[in-house]
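One structure below.
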Number of protein chains: 2
Amino acid sequence: MKGKLYGIGVGPGDPGLMTIRAKELLDGAQVIAYPVKKPGEDGTALEIIKQKVDISGKEVVELLFSMNPDDEVRKRCRAENIDRICGMLDQGKDIAMITLGDVAVYSTYMYLDREVRDRGYETEVVPGIPSFCHGAAKAGLPLMIGEESLAVLSMAKHDIGKVEKAVDCIDNIVIMKAFASIREIADMMGRKGIPLSNATVMSNIGMEDEYVGPLETDRKYGYFTTVLIKKKVN
Amino acid sequence: MKGKLYGIGVGPGDPGLMTIRAKELLDGAQVIAYPVKKPGEDGTALEIIKQKVDISGKEVVELLFSMNPDDEVRKRCRAENIDRICGMLDQGKDIAMITLGDVAVYSTYMYLDREVRDRGYETEVVPGIPSFCHGAAKAGLPLMIGEESLAVLSMAKHDIGKVEKAVDCIDNIVIMKAFASIREIADMMGRKGIPLSNATVMSNIGMEDEYVGPLETDRKYGYFTTVLIKKKVN
């Protein structure tokens, strides 16, 4: 019998924020696969699960997903990973591929899921806590309440125009991967007449240099930095 | 010593999607409080945790949150609940207030959290899986991928204009509480030139009449209905 592929969101970092189902599936999985951008890179998701799941005796597989700007290189890389996964599924092994946060929020896993399903294998997606939910919890703030709307976007490509458009039509804005764009975000808020005190920075949550607090433009923030802007403070 | 108030997201319905931390805190809590809109109403969040947590021997408290359109009535109702909670905290009891999905996503709990903190008590928010993450997992679809943006909003007040504005500036739209607005959503997509096949309905997930599939305007959907519109299908 063929194995089954699980795409498992392990949450934002705190191992206690893994779901009961994620832990059960990881306990039972024969193969644990984790994505890296560079060979030998630290697997953050792997470090998280190790605190709750005994991975000794399991096959642990690093899957390289190139971030090469060339579309073709990235596609070839994905195709190789899919071949490798299907090869293991053919051997009857169940594979748990882990991903930081939630699987549906900016995760590479979703590219694989459809392709593997299309090739006739069974797959299952197990959701995880998105980092912005953990950030809001730490800040003691709602993402949205009453009739408000929420936008979630990424500043990985420094596209502040996209953020400005969102601010025009949405009540609360979550900006992920914001660490190198804090000044642009502050300037944009100034142009829109939104007080800087309406922004909350949630940075490296659960890590040593965790920071949850006001947006300060002269402060250095870690890689995992999210900004929550509320147009109206309740 | 005073007790501590925990606001705990128990996830979208599947008890396995509770976090490990939520289960641990609920196992240890002396008081479990759950919100209802009408006295004696079914507590959906309570039914979920009962499948993983033994609540016998715990004090289980129903908190009525009026949905009266009069602001003053709703505020008075909240104030009464806060007094009651603080009374129990004064007795040294730890209280776990449970909420469906995530605490930061349209939850009444956040109104209480700040007020209780302001009165000098300790509180903690524990995030949960939002229903839209579970829906996307069931549908095998990303909420957003690459550089895409996401909007999440509610159609509780039938404000289709708000949805149209979001469609103009955001790539993917999650519309919660959509069950009575399916026709308006379909018409709006027509006006915007978005094929109806770009919408996925996730309805009553985990319940008997669960439906995850295309938006069909002549179908009846349950109360917990969310629509995911993708402007561009990957």
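The values are calculated or read from the model by the stated rules, or taken from the named source; none is laboratory data. Quick caveat: nothing in here was measured; it's all calculated off a predicted structure. All Cβ positions, glycine included, derive from the backbone under ideal geometry; neighbour counts span all protein chains shown. We work out accessible area using only protein heavy atoms, side chains counted, and drop any ligands, DNA or RNA first. Shrake-Rupley method; radii C 1.70, N 1.55, O 1.52, S 1.80 Å.
Listed here are the residues, each with its yes/no results for (1) touching a residue at least 40 places away in the same chain (Cβ under 8 Å); (2) within 19 Å of A:Pro127 (Cβ to Cβ).
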| site | (1), (2) |
| --- | --- |
| B:Arg84 | no, no |
| B:Ala96 | yes, no |
| B:Glu115 | no, no |
| B:Asp118 | no, no |
| B:Gly128 | yes, yes |
Being within 11 Å of chain A (Cβ to nearest Cβ), open to solvent by less than 50 Å² (accessible area, probe 1.4 Å) and either small (Gly, Ala, Ser) or free of Cβ contacts under 8 Å to residues at least 60 places away in the same chain (or both) narrows B:Ala137, B:Ala79 down to just B:Ala137
Keeping to the stretch A:188-223, report how many residues are in contact with a Leu (Cβ under 7 Å, 6 or more places away or on another chain), free of Cβ contacts under 8 Å to residues at least 40 places away in the same chain and open to solvent by less than 30 Å² (accessible area, probe 1.4 Å).
3
If you check B:Gly120, B:Gly128, B:Gly146, which single one turns out to be more than 30 Å from A:Pro69 (Cα to Cα), open to solvent by 10 Å² or more (accessible area, probe 1.4 Å) and assigned to a loop (DSSP other than H, G, I, E, B)?
B:Gly120
What is the residue count in the stretch A:178-195 for residues that are over 26 Å from the mean Cα position of the chain (by Cα) and either part of a helix (DSSP H, G or I) or not hydrophobic (A, V, I, L, M, F, W, C) (or both)?
6
For the list (1) surrounded by 21 or more Cβ atoms within 10 Å (Cβ to Cβ); (2) over 21 Å from B:Val126 (Cα atoms); (3) in contact with a Ser or Thr (Cβ under 9 Å, 6 or more places away or on another chain), I need the number of the one condition that A:Phe179 fails.
(1)
State yes or no: is B:Lys230 over 17 Å from the mean Cα position of the chain (by Cα) and surrounded by 14 or more Cβ atoms within 10 Å (Cβ to Cβ)?
yes
Does at least one position in the stretch A:25-38 carry a residue that is in contact with a strand residue (DSSP E or B) (Cβ under 8 Å, 6 or more places away or on another chain), facing chain B (nearest Cβ under 10 Å) and β-branched (Val, Ile, Thr)?
no
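To keep it simple, each residue is scored yes or no on (1) within 14 Å of another protein chain (Cβ to nearest Cβ); (2) without any contact (Cβ under 8 Å) to a residue 40 or more places away in the chain; (3) not basic (Lys, Arg).
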site: A:Lys52; (1), (2), (3): yes, yes, no
site: A:Val60; (1), (2), (3): no, yes, yes
site: A:Gln91; (1), (2), (3): no, no, yes
site: A:Tyr109; (1), (2), (3): yes, no, yes
For the stretch A:150-162, pairs from a residue that is touching a residue at least 24 places away in the same chain (Cβ under 8 Å) and outside any strand (DSSP E or B) to a residue that is among the polar types (S, T, N, Q) and open to solvent by less than 30 Å² (accessible area, probe 1.4 Å), with Cβ under 8 Å and 6 or more apart or across chains, are A:Met155/A:Ser181; A:His158/A:Ser181; A:Ile160/A:Ser181
